Amino acid sequence: YNLTYVAKEEYDISWTMPQCVLCLRLIGLSWDLYDGARMKKNPDSLSKDQQKTALTTSPNVLEMLSHSFFIGGYFVGPQFSLAKYRQFVSPQYQSSLPASPVPFGLKRLGLSVVYMTAHVVGSMFLPELWPITDSFAQTSLAGRLLLLPIWVKLILAKYLSMWLMAEGVCAVAGLSYVSTSDPESEIDWSGCANVKMRRLESAQKFGHYIEAFNINTNAWVMNYVYKRLKFLNNRYVSQMSALVFLAVWHGWHSGYYITFLNEFLVVNFEKDFASIWDKSGRDKQIFSTDLQSSI
């Protein structure tokens, strides 16, 4: 935690990443217990997702500690329900895995090392506080515009590295296995993934970043916040409420709220614009004109 830059001059309340992760895990556990009580009274009142995670019995102290502090998901995530974790720790779970998860886990570890190396080496030239240094002030406008995207990628690499490493731990343990009813399908170890690397690195619009970045946490918010506000019958209110929840969860600094407000505006503008653009058929006309002119 950086004590130099805070939102105000007096004591600033903050928390660490593990505390953020634990907060979501315990909130999810509370909802799952609530859904378990609802299931006993009226099973039809639960959605398919809620039926998968609902708990009809309360966890004991050992289960609570194990679920909360499992090394693969304690420091930076990912989130996983206690129902899934109970399956994972059962004696027959490991023997039911279709193959060894070690090769996949080592690949994620390798990617993690690559991104961490990029962050460490790149920070020697463009440190984390570069925008407030004399070097930044002395750089020309063109140089800033060229270097800022690189600086952002180097800062982001730190988070990607930690997520990939945590995913690798969960994969090697077997927790990330996604079961399927199709015996011919490819084995899926992405159950604890928090980032889609190909989609993130090839993103062409803002929506691609939402799909590829922090996907595990986004899925948690979708299931435990957004979908539970369905009774409001307003997609925009549910979306804004989910983003406000994320902002409060991150902390009290104003930058969080500005960031999530910007996300709300950009995502909805992008969806509306894409819908209007597709209906207009202008993209087909443009490509058709370019093709004809090139012949």
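Note the listed values [x] 22.6; [y] 23.5; [z] 18.6, then indicate which one is mean projected area of the Cα convex hull in nm² calculated from this particular structure.
Matching entry in [x] 22.6; [y] 23.5; [z] 18.6: [x].
Ranked from highest to lowest mean number of other Cβ atoms within 10 Å per residue, what is the order of the peptides 93-100, 190-197?
190-197, 93-100
Output the lone cysteines of the chain: those with no second cysteine's C-beta under 4.7 Å from their C-beta.
By the Cβ distance rule, which asks for a partner under 4.7 Å, the isolated cysteines are Cys20, Cys23.
If the only charges are +1 at each Lys and Arg Cβ and -1 at each Asp and Glu Cβ, what is the size of the charge dipole of segment 17-167 around the Cα centre, to the nearest 20 debye?
Here the size comes out at about 300 debye.
Quick one: which residues, 5+ away or cross-chain, put their amide H under 5 Å from the amide H of Val195? H built at 1.01 Å from N.
Excluding prolines and chain starts, which carry no amide H, the hits are Ile215.
What longest range of the chain stays clear of loop-exposed GluC sites (Glu not before Pro) (DSSP non-H/G/I/E/B, at most 15 other C-beta within 10 angstrom)?
Values: sites that count: Glu9, Glu10, Glu128, Glu184, Glu186.
After excluding every exposed loop site, the longest remaining stretch is 11-127.
May I ask which of Lys52/Lys84; Lys227/Lys279; Lys107/Lys196; Lys48/Lys84; Lys153/Lys205; Lys48/Lys230 have a Cα-Cα span longer than 19 Å here?
Distance filter (> 19 Å) returns Lys227/Lys279.
Name the shape class, rounded, prolate or oblate, that the alpha-carbon gyration tensor gives for segment 25-174, where a ≥ b ≥ c are the square roots of its eigenvalues, rounded holds for a/c under 1.5, and otherwise prolate holds if a/b is larger than b/c and oblate otherwise. Spell out each step's value before the answer.
On the way: a/c = 3.40, a/b = 2.09, b/c = 1.63.
Prolate, since a/c reaches 1.5 and a/b exceeds b/c.
May I ask which residue of Val113, Gly77, Val221 lies farthest towards the positive end of the charge dipole of the chain, with charges of +1 (Lys, Arg) and -1 (Asp, Glu) on Cβ and the Cα centre as origin?
Val221
Once you have the Cα-Cα distance between Glu128 and Ser95, take 0.36 nm times their residue separation minus that, and quote the gain in nm to one decimal. Before the final figure, lay out the partial values.
Numbers: separation 33, 0.36 × 33 = 11.88 nm, distance 4.53 nm.
Taking 0.36 nm per residue and subtracting the Cα distance, the gain is 7.3 nm.
What is the dipole size for segment 144-217, taken about its Cα centre, with +1 at each Lys and Arg Cβ and -1 at each Asp and Glu Cβ, in debye to the nearest 20?
Magnitude of the dipole: close to 640 debye.
Expressed as a whole percentage, what fraction of the accessible surface of the chain belongs to carbon and sulfur atoms when a 1.4 Å probe is rolled over the protein heavy atoms? Please report the intermediate quantities before stating the final value.
Values: 11920 of 18690 Å².
For the chain, the apolar C and S fraction of the accessible surface comes to 64 percent.
Given the options Lys41, Lys52, Lys158, state which has the largest fluctuation in a GNM of the chain using a 10 Å cut-off (strictly under) for Cα springs.
Comparing Lys41, Lys52, Lys158 in the GNM, the peak value goes to Lys41.
Positive end of the charge dipole of segment 104-252 (Lys, Arg +1 and Asp, Glu -1 on Cβ, about the Cα centre): tell me which of Met162, Val248, Ser202 has its Cα farthest that way.
Final value for the positive-end residue is Val248.
Report the charge-dipole magnitude of the chain in Debye, nearest 20, computed about the Cα centre from +1 at each Lys and Arg Cβ and -1 at each Asp and Glu Cβ.
That gives the chain a dipole magnitude of about 520 debye.
Using the Kyte-Doolittle scale, which helices in the chain average at least 1.0 and also have C-alpha atoms spread 30 Å or more along the helix axis, with helices defined as whole DSSP H runs?
Span-like helices, by this rule, are 102-125, 141-173.
Taking only protein heavy atoms into account and a 1.4 Å probe, give the accessible area per residue of the chain in Å².
Details: 18690 Å² over 295 residues.
It amounts to 63 Å² per residue over the chain.
The values are calculated or read from the model by the stated rules, or taken from the named source; none is laboratory data. Worth saying up front: this structure is predicted, and the values here are computed from it rather than measured. Cβ atoms come from the backbone with ideal geometry, glycine included; neighbour counts cover every protein chain shown. Heads up: the accessible areas ignore ligands, DNA and RNA and are worked out on the full protein's heavy atoms, side chains in. Shrake-Rupley method; radii C 1.70, N 1.55, O 1.52, S 1.80 Å.
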